[in-house]
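The values are calculated or read from the model by the stated rules, or taken from the named source; none is laboratory data. The model shown is predicted, which means the values in this text are computed figures rather than measured ones. With ideal geometry, Cβ positions are generated from the backbone for all residues, glycine too; neighbour counts draw on all protein chains shown. Quick note on the areas: whole protein, heavy atoms, side chains included, nothing else; ligands and nucleic acids left out. Shrake-Rupley method; radii C 1.70, N 1.55, O 1.52, S 1.80 Å.
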Amino acid sequence: PVPKSISAARSARILCLQDSNSNTKYFDFVVVGSGVAGLRYALEVSKHGSVAIITKAEPHESNTNYAQGGVSAVLCPSDSVESHMQDTIVAGAYLCDEETVRVVCTEGPDRVKELIAIGASFDHGDDGKLHLAREGGHSHNRIVHAADMTGREIERALLKAFHPTALADEGLPIKPTNRRENAFLITEAVRGDGGILYNQSMQRFMPLYDERAELAPRDVVARSIDDQLKKRGEKYVLLDISHKPREQILAHFPNIAAECLRYGLDITSSPVPVVPAAHYMCGGIRAGLQGETNVKGLYVAGEVACTGLHGANRLASNSLLEALVFARRAVQPSIDHMTRSSLDIHASTMWTRPVLPTSLESHAMQEILFRTKTTRVELQSIMWEYVGIVRSTSRLKTAEWKIGELEAEWEEFLFRREWKPMMVGLQACEMKNLFCCAKLVVSSALARQESRGLHYIEDFPFLEESKRKPTIIFPTSLKLTWSSQQAHKLAAGAPL
Ligand SMILES: Cc1cc2nc3c(=O)[nH]c(=O)nc-3n(C[C@H](O)[C@H](O)[C@H](O)COP(=O)(O)OP(=O)(O)OC[C@H]3O[C@@H](n4cnc5c(N)ncnc54)[C@H](O)[C@@H]3O)c2cc1C
């Protein structure tokens, strides 16, 4: 119900949320996610109304917080927007949306300056100017960074920019999440700074694959490493920066140096073992130039969005930049939308209200958590094995089948333990989302019958000009989600 205390004028532009005690809360803007995109947007719209930021872990826990290399932007007179555009389009294998690329490369410098004005502190050179690093695929030094912890600095500055009382945590208690322990990224800024890749016989191999050698875009480097590993039957290659002065290495990569040292590896004196790893998803919810989607009032920015900037492969350090640009672009249109729209008090009853699985026996819950954990590992290994760096139609089809089976078995396991379609829990929601993303990635990969950018498929190893179009997948072409499947089965009286 709309509280009486809220005036008609104000209630015309509010959204509604309910907490677990059925208390209804009203906000002008609801932001999902507290990474760079969510926080930058929230900071701006909070000048125009009330904002709820919904996030699934601690406020700083996000991909943003782990970003190392930096933010790319044209900030030096010898660089140009055209050059940044060209590098983005070449890395994206000519699948980028040129208008989006122009917008991002043009507006990028102002967005970075705003971030500095908000309080983000980036590295400066001896000349007192911003230190601009270089990364793979960039033809100029244009990476603004805070040593090798750029994302952490951006998160810190953005969170601090909110009034302390503004970030009151009103959510359910969440166990503090552990730092991600399973893998540690070594930014490609190490290659940009002169790092060299060797196979285990200490043979430098990148020049054999691409004239840009270690500075080739990441899809080329990943495929080259993959080729070396397969040909030589080895598990890793070596990345060496130890020929650079120790002080320089420690100044540029203090975090990487310290983390490697924890494992007994001193990057200032010896090479470190590395393998390619997925740490970004190209593609997402289709968005226009203001971050608008085909759902009225829903705007997207950052990694969740598909704006057309990255095309078939993201240029290093263009992701934080894209998030900053689109978070800002979505501000005015969403304010306009909020002002124009009226509150639909029935909207909150349109969906079945989610419930926490408190009615389940604790041993059933333990079993569900364990099964979800192992299912997640299994899904990851299917994706790595069959949908990885080098693909084939038959392996993608195998993946499609295996994912379908795995999902069905997992769902059945849960429902046999009294899990209900409207129940929500962090691990189960993530699992559902991972299945959804995995299916989208496989469908997109099967739909592209050519090799372009990060999508390399053995059956169609070449670029084909006639296929240089974005892949768009409509929800109807995907299989039903679990809850609708299960609800459907329940309605039909089918045994679970
Ligand atoms: C190790 C690593 C290094 C990287 N280095 C760089 C780099 O140097 N330069 C660069 O440009 N990019 C880099 N990237 C990519 C970049 O960090 C991300 O693309 C970018 O930070 C995305 O910002 P975002 O705000 O869109 O999303 P995120 O920072 O991922 O934030 C998403 C937010 O949404 C929340 N959330 C997610 N799902 C839900 C849900 N269902 N309900 C509620 N909340 C939810 C999360 O908790 C989080 O707060 C790197 C990524 C990684 C992982």
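The alpha carbon centroids of region 408-425 and region 242-304 are separated by 35 Å. Using a Cα-Cα cut-off of under 24 Å, which lysines could be cross-linked to residue 113, ignoring same-chain neighbours fewer than 8 residues away? Those lysines meeting the cut-off are 47, 129, 160.
The local environment of residue 363, defined by Cβ-Cβ distances under 15 Å, has a net charge of 0 under the rule Lys, Arg +1 and Asp, Glu -1. Highest-first packing order for the peptide set 268-274, 317-323 is 317-323, 268-274, based on the mean count of other beta carbon atoms within 10 Å. Its Kirkwood hydrodynamic radius, worked out from the mean inverse distance over all distinct Cα pairs, puts region 87-129 at 12.4 Å. Treating each Cα of region 360-491 as one equal point scatterer and applying the Debye formula with no solvent, the log10 of I(q)/I(0) at q = 0.14, 0.21 Å⁻¹ comes out as -0.69, -1.21.
When Rg and Dmax are taken over the Cα atoms of the chain, they come to 23.8, 75 Å. For the chain, DSSP calls about 70 percent of its internal beta bridges antiparallel. Here the Karplus relation 6.51 cos²θ - 1.76 cosθ + 1.60, evaluated at θ = phi - 60°, turns the backbone of region 308-320 into coupling constants of x, 5, 8, x, 8, 5, 7, 6, 3, 6, 8, 7, 4 Hz, with x for every Gly and Pro. Around the Cα centre of region 360-491, unit charges on the Cβ atoms of Lys, Arg, Asp and Glu (plus for the first two, minus for the last two) sum to a dipole of about 300 debye.
Split the accessible area of the chain by element, probe 1.4 Å, and carbon with sulfur accounts for 56%.
For region 177-324, the ratio of Cα radius of gyration to the globular rule of thumb 2.2 N^0.38 Å stands at 1.23. Magnitude of the charge dipole for the chain, about its Cα centre and with charges confined to Cβ atoms of Lys, Arg (+1) and Asp, Glu (-1), is about 1040 debye. For region 189-274, the C-alpha radius of gyration divided by 2.2 N^0.38 Å, with N the number of residues, is 1.08.
Under a 5 Å amide H cut-off, with hydrogens placed 1.01 Å from N, residue 391 pairs with 456, 457, 458 among residues at least 5 apart or on other chains.
Straight-line reach from residue 56: taking Cα to Cα under 19 Å and skipping same-chain neighbours fewer than 8 places apart, the aspartates and glutamates in range are 19, 155, 169, 170, 181, 303, 430. Angle of helix 218-232 to the longest C-alpha principal axis of the chain, folded into 0 to 90 degrees and rounded to 10: 70°.
What do you get for the angle between helix 362-386 and the principal long axis of the chain? Use alpha-carbon atoms, 0 to 90 degrees, nearest ten. It works out to around 40 degrees. In the chain, the calculated helix contribution to ellipticity at 222 nm averages -13000 deg cm²/dmol per residue, counting -39,500 (n - 2.57) for every DSSP H run with n ≥ 4.
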